Number of protein chains: 2
Amino acid sequence: MAKQITSRSEDYSQWYIDIVKKAGLADNSAVRGCMVIKPYGFAIWENMRDQIDRMFKETGHVNAYFPIFIPKSFLSREAQHVEGFAKECAVVTHHRLMNDPNGGGVVVDPSAKLEEELIVRPTSETIIWHTYKDWINSYRDLPLLINQWANVVRWEMRTRLFLRTAEFLWQEGHTAHATKEEAVKEAELMQKVYADFAEQYMAMPVVRGTKTANERFAGAEETYTIEALMGDAKALQAGTSHFLGQNFAKAFDVKYLNENNVEEYVWATSWGVSTRLVGGLIMTHSDDSGLVLPPKLAPIQVVIVPIPKPAPEIDEAAQEIMNALRAKGITVDYDTDPKKRPGFKFAEHEMKGIPVRIGIGKRDLEKGTVEVARRDTKEKTFQPREGVAEYIEGLLEEIQQNLFNRALKFREDHTTVVDSFDDFKEVVKSKGGFISAHWDGTDETEKRIKELTKATIRCIPQDVEEEEGVCVLTGKPSKRRVLFAKAY
Amino acid sequence: MAKQITSRSEDYSQWYIDIVKKAGLADNSAVRGCMVIKPYGFAIWENMRDQIDRMFKETGHVNAYFPIFIPKSFLSREAQHVEGFAKECAVVTHHRLMNDPNGGGVVVDPSAKLEEELIVRPTSETIIWHTYKDWINSYRDLPLLINQWANVVRWEMRTRLFLRTAEFLWQEGHTAHATKEEAVKEAELMQKVYADFAEQYMAMPVVRGTKTANERFAGAEETYTIEALMGDAKALQAGTSHFLGQNFAKAFDVKYLNENNVEEYVWATSWGVSTRLVGGLIMTHSDDSGLVLPPKLAPIQVVIVPIPKPAPEIDEAAQEIMNALRAKGITVDYDTDPKKRPGFKFAEHEMKGIPVRIGIGKRDLEKGTVEVARRDTKEKTFQPREGVAEYIEGLLEEIQQNLFNRALKFREDHTTVVDSFDDFKEVVKSKGGFISAHWDGTDETEKRIKELTKATIRCIPQDVEEEEGVCVLTGKPSKRRVLFAKAY
């Protein structure tokens, strides 16, 4: 194979980076911690974004756009929020450069210092709630169901392409409601939207739950999360939805007149997913031959390779198959490059995770067949050329489902119920994955377990029944199990 | 009418601002010069963006994403570029805030000063060409046809919603080519894409031409432009496409090995349109009742109003019409608000520029008709309920065409051929619009005319024939007319 990558079992982190680079998804940039998303990686993100956007619109949301800058003083308005967010961020202090009087290029013009520094948004609650004060007067202005697609910046010290970068792309929904019940329902709805997207499109099974107080978003009263398990048995927080109570309404003085003409504070939610999902997608399905993509998000779903090279009768057959596939809304490429051998092309298409490859040779054509290879299992079969588009259509659905099933089985195999701290430590160390254990509900215990094992409480799962037990660390009583894991 | 706006003839600038605000398109924000794009304004921008994006993809371009920050030193690499762009921009100097030791909220942490300041991108040629150096090695890597949708910041002193804001949304294409001819062809192609979009979707006629050396993009060898005429007879530069020669390739040392294995510098283009187009759309078509939108870009194409309020038989008829319209891909709303009278609703829908309104009353239904009002001419007619969806479908096309024709006629009426400087001054002062005049081709004359009249050379039009003449200011010989105008 032309482009070797590190094997997954040998060095998972390096394997991940190799895939990101060799599949042409992203690169590091000249700016510390910021990535360049390359066209193929961006095409995957576009497919994700477009589908998520459709799901937002189907649930009654609209898009808007708020400024990238936040006046520094806004960040101090909500006490918890500033603790969680204000620290590591990009600060704009000046608005002009000038020619260096000493001839050294350009320098910052000291006379162009801003009166108040501006922060490049790490998240937009503050600027948005400042704006909502003008938009909300009466119950008739509610609910306000707004989302924005934007770039945000958090000055991360340790970055990794897609998973943790100083600048990333995301969407952030910010809604305002007349009642607490409605806001809670909204936060739960968006968690469901995220879970549906993850499972139905990314083929990535997720656990739904709520965060402990300790792991909540800064300023939230409840954080709903979806948690996925990556191929190295570490957890990935894939999306969060926050019930913010009246915290931001109070901080920015956003009230409305209710139907009885009484002033009340507004209730809020916020929710977001980011380009981090691309990292999750890679780590859920890929293998030592490269990327594996679920058909519903693959920029190219099918590639046709002439064996060993283009020829009139092969081109004709390829064209006919492409037409039939495109008529079904399936994206397809014909790889006619005369300078590369089929084996080389196969490796390239595997690296890029194209779900289905069709090989067409003259002898196949004489027999009325084509060769169909699926990326997920690498199985190859010969299929009648007649009706091959229908076959492929079904196969893409099968691959989508198989990827989900495979990931679900992996998660089930890597979810362990433990009842002693010795077992807990042993599982963290040897097997990893989710650990279902009793916890006494205190911050201290949660932190102590993290210190001792690096495992954190990923969530208090929603679908787990109450069960009497004792905390795995302290032996104090507990009413339900929570999910621990080491996480990205 | 509920929401009065300033009349266009009385105060054009205020009329414009009134429309932007009362139609719910955008607002000023807490951050100087940055706007908030409200949901209805953003829905228009989304429609524009999605169509432009389709046109880019149809012409072989792909999207990617590059960092928002540019290291300060990059800006000095291309000499002209730094002159044109580096000055008024947002400069990031620190990466951390801390709690004020004196208890005054948060302050910049002086210990977190960046070694090299980062500039929030005013445009991305420098960071992108720095990246292209890694991506381009041989002729096989070319052409590189990449676009990005992004936010950019230019610290403008005088801002106006959509037309000139410190932060704005745009797309910037950056292509790399093996030959000069191919790059020039690309720059011309993108000008054509912009012109087609403006005319076919925005219904905004444009003049295609090239900029004078003086008005060129900083770092370009040729700037192709599309210029539109607004309702106050001022010109708007609506989109530009630049042939950059080898300037950026040389500044960032981007070479490729040609087919003969010889190293050559790469040829470049860049091209962009922005949220400024929303301002152009407003000023091309709107009137004293509010926004007028071309059907192809209207977020809601048809609104149905029950007269005087909802009732079972009206609701049923409305639902039937909505189903028929939606089956044709037409977007439609049914305004059932029981608290607003029809006249109030009509004014609101006119303010929002919804192209077609259907009124349904009980007496109409008995007669088997509905009332159809078009926003562009405000004409109302009664139409048979049977087949009304087909009628509306045709009407939307007619409105789209009528808006274009009307704007084209306005431009033709406001394009004046002049041959003396007295006439020139008189036309600038009294009538405005485009002035077609001879110019001697020098920077000095161009600048002098601007000083004397505030009119600038909008472009050297592409479709104008050579013609012997003398410069309107200096009397020196000239071979062709150029287009002057006062501009936004």
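Since every read-out is calculated from the coordinates, none of them should be taken as a lab result. Keep in mind that this is a model prediction, so the values were computed, not measured. Note: ideal-geometry Cβ built from the backbone for every residue, glycine included; neighbour counts use all protein chains shown.
Here are the numbers for this structure:
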{"read-out": "Rounded to the nearest 20 debye, dipole of the protein assembly as shown from Cβ charges on Lys, Arg, Asp, Glu", "value": "820 debye"}
{"read-out": "Built amide H within the under 5 Å cut-off of A:CYS89, gap 5+", "value": "A:TRP155, B:ARG96, B:LEU97"}
{"read-out": "Inverse mean reciprocal Cα-Cα distance (Kirkwood Rh) of the range A:300-394, Å", "value": "13.0 Å"}
{"read-out": "Cβ charges +1 (Lys, Arg) and -1 (Asp, Glu), total dipole of chain B, debye", "value": "1360 debye"}
{"read-out": "Relative contact order %, chain A, counting alpha carbon pairs below 8 Å whose residues are six or more apart", "value": "14 percent"}
{"read-out": "Positive-end extreme of charge dipole, chain A - chosen from A:HIS130, A:ALA487, A:ASN99 (charges on Cβ)", "value": "A:ASN99"}
{"read-out": "Packing-based ranking, highest mean first, of A:330-339, B:223-232, B:196-205 given that Cβ atoms within 10 Å are counted", "value": "B:223-232, B:196-205, A:330-339"}
{"read-out": "Around B:PRO122: net Lys/Arg minus Asp/Glu count, Cβ-Cβ under 11 Å", "value": "-2"}
{"read-out": "Tilt relative to chain B, helix B:421-430 - C-alpha long axis, 0 to 90 degrees, to 10", "value": "40 degrees"}
{"read-out": "In degrees, nearest ten, helix B:342-351 long axis to first principal axis of chain B (Cα)", "value": "20 degrees"}
{"read-out": "For B:153-159, mean number of other protein chain Cβ atoms within 10 Å", "value": "2"}
{"read-out": "Per residue Cα convex hull volume in Å³ - calculated over the range A:415-485", "value": "72 Å³"}
{"read-out": "Calculated diffusion of the protein assembly as shown, Stokes-Einstein form, Kirkwood radius summed over Cα pairs, 10 °C and 1.306 mPa s, µm²/s", "value": "51 µm²/s"}
{"read-out": "On Cα atoms only, tilt of A:443-453 relative to the major axis of chain A in degrees", "value": "40 degrees"}
{"read-out": "Dipole of chain A, positive end: most advanced residue of A:LEU396, A:MET190, A:ILE314 [Cβ charges, Cα centre]", "value": "A:ILE314"}
{"read-out": "Farthest positive-ward along the range A:300-394 dipole, Cα basis, beta-carbon charges - from A:VAL302, A:HIS349, A:ILE360", "value": "A:HIS349"}
{"read-out": "For B:THR416, residues with placed amide H under 5 Å, excluding near neighbours", "value": "B:PHE434, B:ILE435, B:SER436"}
{"read-out": "Phi to ³J(HN,Hα) by Karplus 6.51 cos²θ - 1.76 cosθ + 1.60 over the range B:266-275, Hz, x for Gly, Pro", "value": "7, 9, 10, 9, 8, 7, x, 9, 9, 4"}
{"read-out": "Unit charges on C-beta of K, R, D, E only; dipole of the range B:415-485, Debye", "value": "360 debye"}
{"read-out": "Cβ neighbours within 10 Å from other chains - mean over A:40-47", "value": "3"}
{"read-out": "Test item: A:55-67 mean partner chain Cβ contacts at 10 Å", "value": "5"}
{"read-out": "Span from the the range A:66-113 Cα centroid across to the the range B:136-200 one, whole angstrom", "value": "28 Å"}
{"read-out": "Cα gyration tensor shape for the range B:12-285, rounded if a/c is under 1.5, else prolate or oblate", "value": "oblate"}
{"read-out": "Ellipticity estimate at 222 nm from DSSP helix runs (n ≥ 4, -39,500 (n - 2.57)) divided over chain B, nearest 500", "value": "-10500 deg cm²/dmol"}
{"read-out": "Fraction in percent of alpha-carbon pairs per bin - 20 Å, chain A", "value": "21, 47, 27, 5, 0"}
